[in-house]
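Here's the structure, in structure tokens; my notes come after.
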Amino acid sequence: MERSANIAELRPSATIAVSTLAKKLKAEGRDILNLSAGEPDFDTPAWISEAAIQGIRDGRTRYTPASGMPELRKAIAGYLGGTFDREIDWQGIVVSSGAKQSLFNACFSLFGPGDEVLIGSPYWTSYPEMITLARATSVPVAGDEANGFRLTPADLDRVRTERTKGLVFSTPGNPTGSVYTRDELQAVAEWCRDHGVWMLVDEIYRDIYFSDETDRAASLLDLPESSVGDAVLIDGASKSFAMTGWRIGFALSSVDLAKNMTALQSHVSSNAATPSQMAALAAYTDRERTAASVAEMRVAFRRRRDLVTRLFDEKLPDFPYLTPDGAFYLFFRVDSAFEPGRETAQQLCSWLLETCGVAVVPGEAFGDPRYVRLSYATSDEVLEDAVDRLERTIGRSHPTPV
Ligand code: PMP
Ligand code: GLU
């Protein structure tokens with residue numbers, strides 16, 4: 001029987017597919033270095049996990065309102081309010097099963113047939129799929145490569161049409177590690193405001209930012225309210241608090257849109273898992289303790305960023321990369337290594353996995369087939385070993401199997 005047109009163009013998530021394959025090969029005994037997974041390798045801070053365990057003991061195991069426990073939404077509003085020193089309406093917050101669901105709720109509630117949605121390219125692999133599921137059309141738009149592909153109003157002017165309804169991008173960026181300055185973000189926000197375009201900013205990596213001046217990347221919430229039109233901020237616990245498996249994300253929007261997204265979610269999944277909400281409640285309530293845990297991870301990610309870029313400079317000088325200012329990905333160009341039989345990033349990545357056991361994600365998944373994404377959320381030893389293996393394969397003009 002034929003399936004619905006809803007999924008006619010749907011492809012599985014490439015990031016998840018590569019990481020699942022790498023894990024499977026490893027379980028079969030193969031010597032695999034998995035640099036595909038986009039998740040912190042740290043455990044969730046114990047005191048956050050304990051809060052969930054205590055919650056279960058206290059019987060917090062039933063449904064909550066679809067939008068999340070009011071005390072969690074208030075805690076998130078308090079957390080954001082404290083971080084940005086401004087008033088946040090907790091009723092604009094909808095808690096979901098991961099930022100992924102928050103993004104889906106927003107895309108599905110805002111976009112539909114006939115709408116064009118701009119996505120900052122290279123983009124996170126799920127954005128175009130979510131937009132297609134809403135039966136809208138995604139339009140990738142890239143800024144200047146030399147400026148980390150960050151978008152400017154001029155880039156957006158080039159692609160805007162009467163049908164442009166939204167713009168979606170992440171900062172710090174997955175897969176680029178590129179981070180918008182406050183001024184860049186403001187310019188894009190004002191462009192969206194002036195053209196009646198919904199702005200969806202995915203700030204899930206906001207705390208994973210490498211700067212001597214500040215410990216977080218610029219946010220929509222740093223901007224004057226007058227600069228921001230209709231907007232949704234996407235955030236969550238997965239990356240900053242090493243909580244990927246708990247599945248807690250949230251969207252901050254107008255109270256009105258929050259109601260629409262809640263209605264959608266109430267029919268799709270109801271509430272995010274209650275024990276996970278209890279863990280998140282602890283994390284968002286105790287800002288000081290959370291800040292200490294986040295700071296520790298930030299230091300480790302920065303050190304690894306420095307390590308991996310130094311190793312690339314030394315051992316893979318023919319492979320230019322975008323210097324990541326945030327998140328935990330190195331996005332590097334591989335088109336100089338293309339040759340017959342390996343003329344796409346996809347083919348090259350399959351060959352690398354087969355030949356030297358290094359699992360990385362091909363740029364096709366992010367809209368730029370000249371590149372490959374490596375996650376450096378792993379140990380120094382694994383990173384050193386991986387770059388050695390890459391050097392012995394693609395690092396030489398005549399690659400030899402390892
Ligand atoms: N946005 C970006 C840019 C991501 O990299 C991820 C990682 N999965 C998500 C959203 C989704 O996060 P979550 O695991 O909370 O669904
Ligand atoms: N966001 C991560 C990544 O880009 C996790 C996998 C996923 O959800 O796509 O690898």
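The values are calculated or read from the model by the stated rules, or taken from the named source; none is laboratory data. As the structure is a prediction and not an experimental result, all values here were calculated from the model. Virtual Cβ from ideal backbone geometry, glycine too; neighbours counted across all protein chains shown. The accessibility values were calculated without ligands, DNA or RNA, using every heavy atom of the protein model including side chains. Shrake-Rupley method; radii C 1.70, N 1.55, O 1.52, S 1.80 Å.
Observations on the model:
Conditions tested, residue by residue: (1) touching a residue at least 24 places away in the same chain (Cβ under 8 Å); (2) among the acidic types (Asp, Glu).
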{"position": "Asp115", "(1), (2)": "yes, yes"}
{"position": "Pro122", "(1), (2)": "yes, no"}
{"position": "Gly143", "(1), (2)": "no, no"}
{"position": "Thr161", "(1), (2)": "yes, no"}
{"position": "Pro175", "(1), (2)": "yes, no"}
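- Looking across the stretch 125-138, the residues that are open to solvent by 20 Å² or more (accessible area, probe 1.4 Å) and under 15 Å from Arg11 (Cβ atoms) come down to Glu129, Thr132, Leu133, Ser138.
- Counting only strands (runs of 3 or more DSSP E) that fall entirely inside the stretch 175-270 and contain at least 1 residues that are among the acidic types (Asp, Glu), the qualifying elements are 198-202, 231-236.
- Residues considered: Val139, Val179, Val197. Of these, the only one that is more than 16 Å from ligand 2 (Cβ to nearest atom) and within 22 Å of Ala37 (Cα to Cα) is Val179.
- Every condition in (1) more than 16 Å from ligand 1 (Cβ to nearest atom); (2) closer than 30 Å to Val299 by Cβ is met by Pro65 except one, and the failing one is (2).
Yes/no matrix, rows are residues, columns are (1) within 16 Å of ligand 1 (Cβ to nearest atom); (2) free of Cβ contacts under 8 Å to residues at least 60 places away in the same chain; (3) touching a helix residue (DSSP H, G or I) at 6+ places or on another chain (Cβ under 6 Å):
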{"site": "Thr20", "(1), (2), (3)": "yes, yes, no"}
{"site": "Leu25", "(1), (2), (3)": "no, no, no"}
{"site": "Pro40", "(1), (2), (3)": "yes, no, no"}
{"site": "Asp58", "(1), (2), (3)": "no, yes, no"}
{"site": "Pro70", "(1), (2), (3)": "no, yes, no"}
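- Taking helices (runs of 4 or more DSSP H) as the structural unit, those lying wholly within the stretch 35-124 and holding at least 2 residues that are within 16 Å of ligand 2 (Cβ to nearest atom) and open to solvent by less than 40 Å² (accessible area, probe 1.4 Å) correspond to 99-110.
- Of residues in the stretch 363-376 being open to solvent by less than 10 Å² (accessible area, probe 1.4 Å) and touching a helix residue (DSSP H, G or I) at 6+ places or on another chain (Cβ under 7 Å), the one nearest to Gly173 (Cα to Cα): Arg373
- Count of the stretch 321-343 residues which are on the phi < 0 side of the Ramachandran plot, surrounded by fewer than 18 Cβ atoms within 10 Å (Cβ to Cβ) and over 24 Å from the mean Cα position of the chain (by Cα): 6
- Candidates Ile76, Ile56, Ile93, filtered to the one that is out of contact with any strand residue (DSSP E or B) (no Cβ under 7 Å at 6 or more places or on another chain) and either at pLDDT below 95 or not basic (Lys, Arg) (or both): Ile56
- Arg247 being at positive phi and either open to solvent by 10 Å² or more (accessible area, probe 1.4 Å) or away from ligand 2 (no atom under 16 Å from the Cβ) (or both): yes
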